[in-house]
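*Asks:* Quick one: the structure is below, and I'll ask about it shortly.
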Amino acid sequence: MRASFNRRLLDQTPTLLFAVALAGFGLSTPAFLTKENLLNIGVQAAPVGIVATGMTFVLLTGGVDLSVGAAMFVAAAVAGKLLLGGQSLALAATAMLGIGAIWGAINAVLIARSRIAAFIVTLAMLFIGRGFALWLTETRAMNLPDSFLRVGSARFAGIPAALWLLGLVAGAAQITLSFTPFGRQLHAVGQDQEAARKAGVNTKRILTWTYLLSGIAAALGAVTALGQLGAVTPKFGENYEFKAIAAAVLGGTSLFGGRGAVLPGTLIGALLIQSIENGLVLRNADPYFYPLITSAIIFVAICLDRVRSAILAKRTRRHIRVEATT
């Protein structure tokens, strides 16, 4: 009974932390809880939320994708070159999505087909991608045409386009996880890949699609972030992989695979991270303090995941002993 209560409390921790952050910054900074600022938090959280949605799929398989930030940088660099070369917005956006898909496909082939550890593959892709993008941009910032910013700041029914995109991506992802055979097989692969394979699940296909979707999500995140910034800088996409992992794990996705959800979990995690950063800005906190906060959030996320896993393992052992006794 106590373990069940602790588990439910842990599951609600992200929501509780989000509520505490809103209340704390709201009391200390009157401007924090205004309608415009809350909308701004949602818009700024959109790129992280979209990338974290793809990361959730990867983590559910027990893998990890450390290359999403580099994929964002490469996609943005190519889009910047195209736009400054006089090409259309549509072509630039299509190129970004294409790069995301190719990026995910490369990861998928090396991880699912060649059976190289996901950590090694994606870490290598991180360095390769950032190095290539720095070469492509000549380590200089590229200011994009105002038309790109206008698209990024567009609103539909009074709601920013970034929030519509985040809602569409998160909703589609959760429907896929909850109501499709692919979602059920994804969870099965994360719980025990060998057992899933013996049960008839095509684990290579599942892993291939998972990393492909992660690459596309990274590209969509890059489109959203670029629409807000209006420029490609040498630090574009930097640390997004860690924010995405933190958002997913804070939302209840296990680092060990087999357990997690995009809604409300990952979305709450992304909003929590952005709310803290936004509150610190309004409080005029030292910018050098921000990485410490991000590190603390990641540490809390890992600790929560560890405690959740320990409680689940304890309940599983207890269930096995009861079954053996009967």
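The values are calculated or read from the model by the stated rules, or taken from the named source; none is laboratory data. Predicted model only: the values in this text are computed from it and were never measured. Cβ: placed from backbone, ideal geometry, glycine included. Neighbour counts: every protein chain shown. Side chains included, ligands, DNA and RNA excluded: accessible areas come from the protein's heavy atoms. Shrake-Rupley method; radii C 1.70, N 1.55, O 1.52, S 1.80 Å.
*Asks:* Please find, among 139, 94, the residue that is assigned to a helix (DSSP H, G or I) and open to solvent by 20 Å² or more (accessible area, probe 1.4 Å). I'd like the intermediate steps shown before the answer.
*Replies:* On the way: 139 fails: assigned to a helix (DSSP H, G or I).
One residue alone meets the criteria, 94.
*Asks:* Also, quick follow-up: Run down 251, 265, 200 and say which single residue is modelled with pLDDT under 90 and at positive phi. Before you say what the answer is, go through the steps one by one.
*Replies:* On the way: 251 fails: at positive phi; 265 fails: at positive phi.
Step by step, each of 251, 265, 200 is checked, and only 200 is modelled with pLDDT under 90 and at positive phi.
Here's the yes/no breakdown for (1) open to solvent by 50 Å² or more (accessible area, probe 1.4 Å); (2) among the aliphatic types (A, V, I, L, M); (3) at pLDDT 90 or above; (4) closer than 19 Å to residue 246 by Cβ:
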| site | (1), (2), (3), (4) |
| --- | --- |
| 4 | no, no, no, no |
| 25 | no, no, no, yes |
| 32 | no, no, no, no |
| 41 | no, yes, yes, yes |
| 45 | no, yes, yes, yes |
| 49 | no, no, yes, yes |
| 56 | no, no, yes, yes |
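*Asks:* Any idea which residue in segment 174-191 is nearest to residue 248 (Cα to Cα), counting only those that are open to solvent by less than 80 Å² (accessible area, probe 1.4 Å) and hydrophobic (A, V, I, L, M, F, W, C)?
*Replies:* First, the residues of segment 174-191 that are open to solvent by less than 80 Å² (accessible area, probe 1.4 Å): 174, 176-178, 180-183, 185-190.
Those still in the list that are hydrophobic (A, V, I, L, M, F, W, C) too: 177, 182, 186, 188-189.
On the way: 177: 14, 182: 19, 186: 16, 188: 18, 189: 18 Å.
By that ranking, first place goes to 177.
*Asks:* Here's another thing I want to ask about it. Within segment 192-241, take every residue that is open to solvent by less than 60 Å² (accessible area, probe 1.4 Å), aromatic (Phe, Trp, Tyr) and assigned to a helix (DSSP H, G or I) and give me the one that is farthest from residue 63 (Cα to Cα).
*Replies:* 240
*Asks:* Have a look at 64, 78 and point out the one that is outside any helix (DSSP H, G or I), open to solvent by 10 Å² or more (accessible area, probe 1.4 Å) and touching a helix residue (DSSP H, G or I) at 6+ places or on another chain (Cβ under 9 Å). Give the derivation first.
*Replies:* Working: 78 fails: outside any helix (DSSP H, G or I).
The conditions single out 64.
*Asks:* Tell me whether segment 180-187 contains one or more residues that are farther than 19 Å from residue 39 by Cα, assigned to a helix (DSSP H, G or I) and in contact (Cβ under 8 Å) with a residue 40 or more places away in the chain. Can you show your working first?
*Replies:* Step one: filter segment 180-187 for residues farther than 19 Å from residue 39 by Cα, giving 180-187.
Then drop every residue that is not assigned to a helix (DSSP H, G or I), which leaves 181-187.
Next, only the ones that are in contact (Cβ under 8 Å) with a residue 40 or more places away in the chain stay: 186-187.
Within segment 180-187 (the criterion being farther than 19 Å from residue 39 by Cα, assigned to a helix (DSSP H, G or I) and in contact (Cβ under 8 Å) with a residue 40 or more places away in the chain), the answer is yes, since at least one residue qualifies.
*Asks:* While we're looking at this one, here's another question. Here are 171, 221, 200, 237: which of them is over 30 Å from residue 84 (Cα atoms) and either of a type in the set (Phe, Trp, Tyr) or within 21 Å of the chain's Cα centre (by Cα) (or both)? Even if it seems obvious, please write down each step before you answer.
*Replies:* Numbers: 221 fails: over 30 Å from residue 84 (Cα atoms); 200 fails: either of a type in the set (Phe, Trp, Tyr) or within 21 Å of the chain's Cα centre (by Cα) (or both); 237 fails: over 30 Å from residue 84 (Cα atoms).
The match here is 171.
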